[in-house]
Amino acid sequence: MLNVIADAIVFSNLLALMALGITLTYMTVKVANFAHGDFATVGIYFVYTLFIVVGVSQYFLLPFAFLMGGLVASLSYFLVFKPLVNRGVGSVGLMIASIAMDMIIRSFLHIYSDIMQLETKKIFRGFIFQDFVFQIYNWTLPGILVVSTILSITLILSLHLLLTKTKMGIAMRAAIENPNLAEVLGVNVNLVYAISWFIAGGLAGIAGALLPFTMVSDPEIGWQILLRVFAASILGGLSSLYGAILGGYIVGFAETLGIYFLSKPPFNISTAYRPAISFMIIILCLLIIPEGIVSVKISLKMPWRRKQ
């Protein structure tokens, strides 16, 4: 059971980072970005390629995954989404464009995998990363559990400080909430959006680079994980960064622990149905709380308080 809880924590850490990124892109150009999962896959393959060429541990290569994921996301914004927004394309058109971007990036990754497999004689489909363990007294902790938890806390706190304590963060919040007014006040909205997309892509890239420590990876893994990321973002409210973080942990624990108990007697459900849990979360959320959990107001009845 402890191993299952550890898996849930790791999966939730990565989901929270990716949901944070997809929510950030949605808040800028109001598009459900179907290519966001591919930013994570780009991070995976960039780190894997450097690992094969250089031979350094994948953990030390994580900053490069952030940079590459951010670069691909920024290029997507400048080359595709920004021109479409300038032409007045609506949210549906932008969503279709993101699906096209997803197909292009995935196709490129398939081609890249075939070429690299022929050139290096290494496996570029269906690979996993070897992990190390921490030994603390009688506890054995996998490295991915410790690293992903520390990394998630660090990145989330850094983003919080960026948004609340810096001029750039204040400009980002202003541009997201009211771009027209922000532009009148002298904020370079295009630059702010580009930085937002870079951060979002970087979060996806660095989270993606950790995925092979937990599951078999190939060019399709970004598409496979995207459903869970959308579930976390929708549950969080799509327009709340803190809601996305909370949604990531709820979906991560619900899916990991849920399939663990459902695969046991008396249910005996195959673990292949694990993604169905995220589907159910999306459907129930849209039916019951379409604006996400951040819209739920909890009123506490305090009988000891006197009425004014």
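The values are calculated or read from the model by the stated rules, or taken from the named source; none is laboratory data. Just so you know, these numbers come straight off a predicted model, no measurement behind them. All Cβ positions, even for glycine, are placed from backbone atoms using ideal geometry, and neighbour counts span all protein chains on display.
At-a-glance table
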{"quantity": "Helices (runs of 4 or more DSSP H) within region 31-137 that include 3 or more residues farther than 13 Å from GLY205 by Cβ", "calculated": "36-54, 82-86, 91-120"}
{"quantity": "Residue in region 255-273 that is aliphatic (A, V, I, L, M), under 17 Å from the mean Cα position of the chain (by Cα) and at negative phi present", "calculated": "no"}
{"quantity": "Enumeration of residues in region 144-196 that are outside any helix (DSSP H, G or I) and closer than 23 Å to PHE81 by Cα", "calculated": "ASN178, GLY186, VAL187, ASN188"}
{"quantity": "Every residue from region 222-253 that is hydroxyl-bearing (Ser, Thr, Tyr) and under 13 Å from ILE281 (Cβ atoms)", "calculated": "SER233, TYR249"}
{"quantity": "Out of PHE230, PHE253, PHE279, sole residue that is part of a helix (DSSP H, G or I) and under 24 Å from GLY69 (Cβ atoms)", "calculated": "PHE230"}
{"quantity": "Hits in region 52-63 (condition: closer than 21 Å to GLU220 by Cα and either buried (at least 17 other Cβ atoms within 10 Å of the Cβ) or touching a strand residue (DSSP E or B) at 6+ places or on another chain (Cβ under 6 Å) (or both))", "calculated": "GLN58, LEU62"}
{"quantity": "Odd one out for LEU159 among (1) on the phi < 0 side of the Ramachandran plot; (2) more than 16 Å from the chain's Cα centre (by Cα)", "calculated": "(2)"}
{"quantity": "Single residue of ALA171, ALA194, ALA200 found to be modelled with pLDDT of 90 or more and either on the phi > 0 side of the Ramachandran plot or surrounded by fewer than 24 Cβ atoms within 10 Å (Cβ to Cβ) (or both)", "calculated": "ALA194"}
{"quantity": "Which listed residue, of PHE108, PHE127, PHE81, PHE134, is over 17 Å from TYR48 (Cα atoms) and surrounded by fewer than 18 Cβ atoms within 10 Å (Cβ to Cβ)", "calculated": "PHE134"}
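Every residue, every condition in (1) without any contact (Cβ under 8 Å) to a residue 24 or more places away in the chain; (2) over 20 Å from SER57 (Cα atoms), yes or no:
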{"residue": "ILE136", "(1), (2)": "yes, yes"}
{"residue": "VAL146", "(1), (2)": "yes, no"}
{"residue": "LEU161", "(1), (2)": "yes, yes"}
{"residue": "THR164", "(1), (2)": "yes, yes"}
{"residue": "ALA174", "(1), (2)": "yes, yes"}
{"residue": "TYR193", "(1), (2)": "no, yes"}
